[in-house]
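The structure appears right after this line, and notes come after that.
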Amino acid sequence: MAKNIDSILFDITPEIEELARECEQNNAIDKELYTKYEVKRGLRDLNGKGVLAGLTNVSDVCATKIVNGESVPCEGNLYYRGYNIKDLVKGFLAAKHPGFEETAYLLLFGELPTKDQLQDFQGMLAERRTLPPNFVRDIIMKAPSRDMMNSITRSILQLYSYDDKADDTTIPNVLRQCLNLISQFPMLMVYGYHAYNYRRGEDLYIYAPKPELSAAENILMMLREDRKYTKLEAKILDMALVLHMDHGGGNNSTFTTHVVTSSGTDTYSTMAAAMASLKGPKHGGANVKVTQMFDDMKAHLTDWEDEDQIRAYLEALLDKKAFDKKGLIYGMGHAVYSISDPRADIFKRFVKQLAREKHHEKEYALYEKVEHMAPEIIGEKRRMYKGVNANVDFYSGLVYSMLDLPPALYTPIFAAARIVGWSAHRLEELKNVDKIIRPAYKALAPHREYINLDDR
């Protein structure tokens, strides 16, 4: 009897399992060999410090300072083009205007805009908030994906087909493409989400972005059926976009951008590769993991204020006995920051305001307790080479849930911000580097003589 096509394509059969065991057996590498050959696993040294792989002017992540000639941990700082992120946030909040467009200009062009430059740039982005004719019908509405990152990535790759200069990698053309994608990204994200829900039987509503609204305001307006949002909601989402816009050249998706750009490929392929990297739960998908972890925690706690219950759950997480049994407390710790993540510090102040507006004070209090207790418990359970603190993902998931954003869009919203940083880094790579990135790998397999099929 002929096999069902679904069975052929999607079942993990005993044959597949057997081949998988062979695959695992023949791919295993003795971990001691990494030390023997001084391999920098994850491009980090034994102290967790990243290996220097490039130079950038776009942003700087600072987590140490020099004291008596030695590098010691300090409060984390993030700089965009040399400006401290805390000062940038303070500046646009004081001016009472959205920060996304101003910060995007800074990252792309290297200087803070004047009022006229900012106004012109806002107009440039607004007029680019459009998609090719019939793109929504022909691309987004057809075979919508349950995974929004995959859906958006497909749309980005499809935009290649509509661009007569898609393969032109001159700076003016790449800048044009990047400005288009920055402007179009919220539409690809929101429309893809609505298309999937429509396929599941829900009502379809597609709203065109409004030129007078900011990126954050347009996201909220296009996403909600009634198109309504509060000033605080828009302000906090705008801040989330600013805080996620860039994070140095060494984060996984930005490094991917540099690597792929160095091959000479087109902008659409580059951004698709960055999207694939960001999607991972160890990178952009971490905020989803945080909310899922807290949902599981709330389901198991009988009293959200009982610190003994909270401690027991956190210990169970680390012992691989709770949630996904990976032994992690999601949202705690960062590859660079050991004392504090400045993005989390900024975010936290406004999260509390939103919690009051949305009547989520109890949930916010639980997050605070976990933030304070987790480092101590991790220190007791783990041998750490650096401190542990709440990272930006710890609170961003809570923010998005209070904004009534669907979990499917948590990582895409990260991407809607980070595509600005990717664009800046791609332009920087094209301007300065003409060599393909190609690190070395030590080959371990001994050379062997071929054995004829009949003799095996």
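Since every read-out is calculated from the coordinates, none of them should be taken as a lab result. Since this is a predicted model, take the numbers as computed values, not measurements. When we count neighbours, we look across all protein chains shown, and the Cβ atoms used for this are built from the backbone with ideal geometry, even at glycine.
I'm checking a number: the convex hull volume of the Cα atoms of the stretch 53-440, normalised per residue, in Å³. What is it?
Working: hull volume 62.9 nm³, N = 388.
Enclosed volume per residue, from the Cα hull, is 162 Å³.
Say each of LEU444 and ASP147 gets a label point 7 Å from the Cα, pointing the same way as Cα to Cβ; how far apart are those two points in nm?
With each label placed 7 Å out from Cα toward Cβ, I get 2.8 nm.
Quote to one decimal, in nm, the extra length available between TYR34 and ASN68 on full extension: 0.36 nm per residue of separation minus the C-alpha distance between them. Can you show the working numbers first?
Numbers: separation 34, 0.36 × 34 = 12.24 nm, distance 3.27 nm.
Length gained between TYR34 and ASN68: 9.0 nm.
On a full-extension model of 0.36 nm per residue, what is the gain between ILE206 and SER161, subtracting their alpha-carbon distance, rounded to one decimal in nm?
On the way: separation 45, 0.36 × 45 = 16.20 nm, distance 2.31 nm.
Taking ILE206 through SER161 to full extension adds about 13.9 nm, to one decimal.
Work out how much length ARG137 to ASN197 would gain on full extension: take 0.36 nm times their residue separation and subtract the Cα-Cα distance, in nm to one decimal. Don't jump to the answer; show the numbers that get you there.
Details: separation 60, 0.36 × 60 = 21.60 nm, distance 1.48 nm.
Contour length minus Cα-Cα distance gives 20.1 nm.
When you count, for each residue, the other Cβ atoms within 10 Å and take the mean per peptide, how do 191-200, 408-417, 125-134 rank with the highest first?
On the way: 191-200: 19.4, 408-417: 25.0, 125-134: 15.2.
Packing order, densest peptide first, comes out as 408-417, 191-200, 125-134.
Can you give the log10 of the normalised intensity I(q)/I(0) at q = 0.12, 0.15, 0.20 Å⁻¹, computed with Debye over equal Cα scatterers of the stretch 291-443?
Per q value, in the given order, log10 I(q)/I(0) is -0.63, -0.89, -1.32.
Quick one: net charge around ASP246, please, counting Lys, Arg +1 and Asp, Glu -1 for every other residue with C-beta under 13 Å from its C-beta.
+2
Any idea how far apart LEU19 and ARG41 come out in nm if each label point goes 7 Å out from Cα toward Cβ?
Distance between label points: 2.9 nm.
What distance in nm separates the simple spin-label points at GLU225 and ALA365, each placed 7 Å from Cα in the Cβ direction?
Spacing of the two 7 Å Cα→Cβ label points: 3.4 nm.
Size of the stretch 217-302 along its principal axes in angstrom, Cα-based, largest extent first?
Between the extreme Cα coordinates on each principal axis of the stretch 217-302 lie 52, 35, 22 Å.
Distance between the C-alpha centers of the stretch 156-231 and the stretch 378-448? Whole Å please.
23 Å
Give me the net charge for the shell around SER262: Cβ to Cβ below 14 angstrom, other residues only, Lys and Arg +1, Asp and Glu -1.
Numbers: positive: ARG426, LYS431, LYS435, ARG438; negative: ASP266, GLU428, GLU429, ASP434.
Once positives and negatives cancel, what remains is 0.
The stretch 71-107 to the stretch 269-326: how many Å between their Cα centroids?
Going from one Cα centre to the other spans 28 Å.
Using only the Cα atoms of the stretch 226-272, construct the convex hull and provide its projected area averaged over every direction, in square nanometres to one decimal. Walk me through the numbers on the way to the answer.
Details: hull surface 19.3 nm².
Averaging across all directions leaves 4.8 nm² for the Cα convex hull.
When a/c reaches 1.5 or more, the comparison of a/b and b/c decides; with that in mind, is the stretch 30-134 rounded, prolate or oblate per its Cα gyration tensor? Numbers along the way, then the final one.
Details: a/c = 3.65, a/b = 1.78, b/c = 2.05.
It comes out oblate by the Cα gyration axes.
If you take every residue apart from MET221 with its C-beta less than 15 Å away from the C-beta of MET221, what net charge results, scoring Lys and Arg +1 and Asp and Glu -1?
Working: positive: ARG129, LYS210, ARG224, ARG227, LYS228, LYS231, LYS235; negative: GLU212, GLU217, GLU225, ASP226, GLU233, ASP238, ASP404.
So the surrounding residues net to 0.
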